[in-house]
Amino acid sequence: MVSTPHHEPESAGQSEAPELSGRNVVDRDGTRLGKLEQVYLGPESGSPTWGVVRAGSRQRFVPLHDAESEGSAVRITASKRQVRSAPTASADAELRPEFEGRLSEHYAGAPNTARGSVLSVRRSRGALSGVLLVLLGLWTGLVPFVGPYFGYGFGSAQPWSFTVDRLWLCVLPAVAVLLGGLLLVPTGNRFLASGASLLALVGGVWLLVGPSLSRLWGTEGVATPIGAPLGSPAMWVAAQLGFFFAVGALVVATAAMAFGRLTVRSVKD
């Protein structure tokens, strides 16, 4: 297949390509690659197939088959590493079939040199799970101290009352969940992201089993270190769910899902 540049009058779909020319190009992880100087259209489809990006003094060919428009930028499905190692040639009016074949082979990953490191992962892979874990961690850490304002909690009805039991049962798991979420949101490292999701997972498991285990560490046999629930029986149930069991289940489900997604290497990694 021979592709023709967008300025060829006989090319079909001519109105689509000029909108791409001159726009910034980012790779699949959002890293800026340069400005799109030239666009090649397929002779039959008339849609963009390849583009030429100016990165400093060098010109790089990038695939536009599955590119997406994101505001003033164009996101391609290739990585920066793939673009930098792509075959080079002068940006002629037409692409030679043999050169286009080399480009297609390169971006398809046939030589297995275009894929990124095993440890690299798209930042978007764990971002949503990380944000949810951050919110759950904040809730877990704050609700024991703010809940008494609304008659919602255990033990003392005094807000911001700190005890060692609240430290073990609420604050520490909250720190684990919050830290796991904060690490998970921005990272592009598979090992760090997996560790962050496991840290949050441990915090969620402790929220589920901690209240039951805490009944064994009383000084006079079986006890309830966290204190009796405040309010009516309905509030007792709501407090147990909102402090421990429902929140713990959400944390475990979110962290486990994130860990599962991060341990599988996608074709886009």
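Based on the Cβ-Cβ distance from ALA234 to SER85, what FRET efficiency comes out when R0 is 51 Å, to the nearest 0.05?
Computed FRET efficiency for ALA234 and SER85 comes out at 0.20.
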Original post:
Based on Cα positions only, what radius of gyration and what Dmax would you give for the stretch 26-75, in angstroms?
Top reply: 10.9, 33
Original post:
Considering amide H positions built from the backbone, and no H for Pro or chain starts, which residues 5 or more places from GLU37, or on another chain, come under 5 Å of its amide H?
Top reply: GLY22, VAL52, VAL53, ARG54
**OP:** Kindly write out, for the stretch 125-130 in residue order, the coupling ³J(HN,Hα) from the Karplus curve 6.51 cos²θ - 1.76 cosθ + 1.60 (θ = phi - 60°), rounded to whole Hz, with x marking Gly and Pro.
**Re:** 4, x, 5, 5, 4, x
Subject >> For the stretch 159-176, 3J(HN,Hα) per residue [Karplus equation, 6.51 cos²θ - 1.76 cosθ + 1.60, θ = phi - 60°, Hz, x = Gly/Pro] >> reply: x, 6, 8, 9, 9, 5, 5, 5, 4, 6, 8, 10, 5, 5, x, 5, 4, 5
Original post:
Given H placed 1.01 Å from N in the peptide plane, which residues other than close sequence neighbours of SER156 have an amide H under 5 Å from its amide H?
Top reply: none
**OP:** Within 10 Å, count the other beta carbons around each residue, average over each peptide in 80-88, 191-199, 43-51, 234-242, and list them highest first.
**Re:** 191-199, 43-51, 80-88, 234-242
Original post:
Taking only protein heavy atoms and a 1.4 Å probe, what accessible area per residue, in Å², does the stretch 125-269 have with all protein chains in place?
Top reply: 50 Å²
Original post:
Around ARG96, what is the net charge, scoring Lys/Arg as +1 and Asp/Glu as -1 over all other residues with Cβ under 15 Å from its Cβ?
Top reply: -4
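Rounded, prolate or oblate: which one fits the stretch 121-182, using the alpha carbon gyration tensor with axes a ≥ b ≥ c (rounded when a/c is under 1.5, else prolate when a/b beats b/c, else oblate)?
Working: a/c = 4.84, a/b = 2.44, b/c = 1.99.
Cα axes put the stretch 121-182 in the prolate bin.
The values are calculated or read from the model by the stated rules, or taken from the named source; none is laboratory data. These figures come from a predicted structure and were not determined experimentally. Backbone-built Cβ (ideal geometry, glycine too); neighbour counts: all protein chains shown. Side chains are part of the model used for accessible areas, which takes the heavy atoms of the whole protein and leaves out ligands, DNA and RNA. Shrake-Rupley method; radii C 1.70, N 1.55, O 1.52, S 1.80 Å.
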